[in-house]
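Report on the structure given below.
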Amino acid sequence: MAVINFDVKNISLFADGKSFGVHGQFNQIDGTVEFAVDPNNEVNKSIVDLKLAPTDENGLVHFKSKVSLITPSDTSKGNARLMVDIVNRGRPLIHGNFNRMDLFDSIEGDGFLFNHGYSVISLGWQWDVIEDGVLYGFEAPFAKIDDEGFRGETVIEIRTNYVQKTHLLANRIHTPNTPMDINDPNARLTVRDWEDGPESNVPRSEWSFANETDSGVEPSDEYVYMESGFQPGKIYYLSYTPSIAPVVGTGMLAVRDIASFFKSDSNVNPINKPFEKVYGFGISQTGRMQRHILYLGLNLSEDGKPAYDGHIVHVAGARKGEFNHRYAQPSQQSAPGFGHMFPFADEEMKDPYSDNVDGLFNELRKINAVPKVFYTNSSAEYWRGDSANMHIHPIEERDLPEAPEARMYLFSGTQHGAGTLAPDDVGPDGSVGMYKFNVVDYRPLLRASLINLDKWATDGTLPPPSSCPRINDGTAIKPEVLIEKVNNILDINTPDPKKVWLIRRVDMGERASEGIGRLPAKEFETYQNFVPNIDEDANEIGGIRMPDLTVPLASHFGWNLRHPDTREPDQQIAMQGISMFFAVTKEDRDKKGDRRLSINERYKTKEEFLNKVKQETGKLLDQNYILAEDVEIVISACEERYDAIVSGELKN
């Protein structure tokens, strides 16, 4: 058993002792979990540098995670299911996505998970997260590197929305990845004007490892400094060899082993009772981590027992990430590197640009440990340039076969994070949008996905069929063709077709197979991308369409553009979409030159609108894409948007 200690720091009643139906009150158990793994065990062989980490007298490698377990106070209650919240950059996001915390002034939100009896454990796993009262940290072991020659590199991606002269040597506000030598002549800074634009070197004389302080510019191993400033709209990559080498992949072992621990009898289990089923939930960064875990076959514990029964891999697209190579920075999300590598699809296929034959589930099939997997994506992951490669051939215009253990769902017309009625125009990464953000709230679809996954893993009840853009029915289309269609419907700025995001074959050098890379990667041939096709209102027709799209009040997109104040307004911003509302009356439409029918032309009365919404919601219920308990949530959200647009409260 890899978990050797669960150090309980505090036990309290969750949500001030609120009772959740038949499952009663829940306890919150906060603490630290200590792991010890055998670097020579076959199930750990894929973890880069694990054998270079310090070991105890028994030859085991240790690491620790901050955790918080929310579980019924009465262990005879609950549904015997544990959800593992694989925290995103230290942040527990499961409650906002399933319990809709943002809509309620309470920690439990509407209590969806707890009303259904699920226990939830939030788990720290990322070595560079700076732990505090909110963020979940992880104590990783550090490898001793004795290589005389090339030891590997890291890359810091710098994107800014204003001119800045200094930047922390980290992706996000994390522990700095300090360089081995701040005067290293081999350290490189490159710049490109857009995501896939040509790259040029910034002369070493124009930048340094330094920080701008009150006393002037001083040498620093925590910052990079450039007198002329890092310019908004440009993309910089800083590559160098760090002074520390955390065994980053132990974070994935923590995610694996917490599941197997809670499915087994153990005298250190704080609730003294195993769960029958364990499901993983990852979002964005941690969804890509789940894909990486699946690819490495990490679903058996050291004693050969299955870990996860299922995963919900949310808004991860077709990529993996920086989760298992030397000097990896897990918050890195878009710089070309290990996360862009083939394969993208579950089933085995040949890489069209190499002799590599592989599939995401290959290692899991060898050990007969493939869990049930739901891939849920927004439109933004398709516009990111990679999501279609999960299910469409990367260079041929044909659909790929689906793994029998998986389902893929596009939540049509949505952005990366669930939309809200009064969205901001500043994204989670600080980017500023040209247009107000997308308002479509896809969370009812996500909640149904959990229940459907649970039934599938428990008694074999088949979930709804996959629903995503396809070549064979015309619901998948090339981005440049789609952009032209949008321009024929709406008078708005659209992405420059030559600058849309995509991914290419990458090469990290001669030691990449060991997890030791030269970064950023060299890029070669392009893997093609497809995005969801649209109807006459510019709303997507592939995937699961909520009433927002089938009884529309707006055109909803999974892309947005940089605000002119942040420069380069023809470029996309990450993760965010747009909702362009219809005019209320024909007169308003004519004044604006809007080709789309107005709301009053579509629906004679609010009652007619709501009746159509109820019909479309009923169809989703019949198909098991939403739950009966969420029907009113969907209808009420549509009514709220109708009132806000017609009253003039909500405008483009």
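The values are calculated or read from the model by the stated rules, or taken from the named source; none is laboratory data. None of the values given here were measured: they were computed from a predicted structure. Glycine also receives a Cβ, built like all others from the backbone with ideal geometry; neighbour counts cover every protein chain displayed. Only protein heavy atoms, including side chains, enter the accessible area calculation; ligands, DNA and RNA are left aside. Shrake-Rupley method; radii C 1.70, N 1.55, O 1.52, S 1.80 Å.
Observations
- Mean shadow area of segment 10-65 over all directions, Cα convex hull, nm²: 6.4 nm²
- Phi to ³J(HN,Hα) by Karplus 6.51 cos²θ - 1.76 cosθ + 1.60 over segment 213-226, Hz, x for Gly, Pro: 10, 5, 8, x, 7, 10, x, 8, 9, 10, 9, 10, 10, 9
- Computed log₁₀ I(q)/I(0) - Debye formula, equal Cα scatterers, no solvent, segment 201-329, q 0.09, 0.15, 0.16 Å⁻¹: -0.46, -0.84, -0.89
- In the chain, Cα pairs under 8 Å separated by at least six residues give a relative contact order of 11 percent.
- Per residue, the chain exposes an accessible area of 38 Å² to a 1.4 Å probe, with every protein chain left in place.
- With the convex hull drawn around the C-alpha atoms of segment 129-242, the volume per residue stands at 148 Å³.
- Among the protein heavy atoms of the chain, carbon and sulfur supply 47% of the accessible surface, probe 1.4 Å, non-protein parts ignored.
- Taking each residue as 0.36 nm, the span from Thr32 to Asp425 lengthens on full extension beyond its C-alpha to C-alpha distance by 137.7 nm.
- Evaluated over the Cα positions of segment 1-157, the convex hull gives a direction-averaged projected area, one quarter of its surface, of 12.3 nm².
- Cross-link pairs exceeding 18 Å between alpha carbons, from the set Lys77/Lys273; Lys591/Lys612; Lys277/Lys455; Lys234/Lys498; Lys64/Lys372: Lys591/Lys612; Lys64/Lys372.
- Square roots of 5 times each gyration tensor eigenvalue, C-alpha, segment 496-641, largest first, Å: 40, 23, 12
- Prolate/oblate/rounded label for the chain (Cα gyration tensor, a/c 1.5): oblate
- Integer Hz, Karplus 6.51/-1.76/1.60 couplings in order for segment 108-118, x for Gly and Pro: 8, x, 8, x, 3, 4, 7, 4, 8, x, 6
- Antiparallel bridge percentage (DSSP; both residues within the chain; nearest 5): 75 percent
- Each of the peptides 133-143, 112-122 was scored by the mean count of other Cβ atoms within 10 Å over its residues; in descending order, highest first, they stand as 112-122, 133-143.
- Radius of gyration and Dmax over the Cα atoms of segment 326-380, both given in Å: 13.8, 34
- Alpha-carbon centroids, segment 439-477 and segment 505-539: separation in whole Å: 25 Å
- Mean Cβ neighbour count within 10 Å, used as a protection proxy, ranking 330-338, 281-289, 629-637, 59-67 highest first: 281-289, 330-338, 59-67, 629-637
- Coupling constants for segment 271-282 follow from the phi torsions by the Karplus curve (6.51 cos²θ - 1.76 cosθ + 1.60, θ = phi - 60°), and in residue order they are 10, 6, 7, x, 8, 7, 9, 10, 10, x, 10, x Hz; glycine and proline get x.
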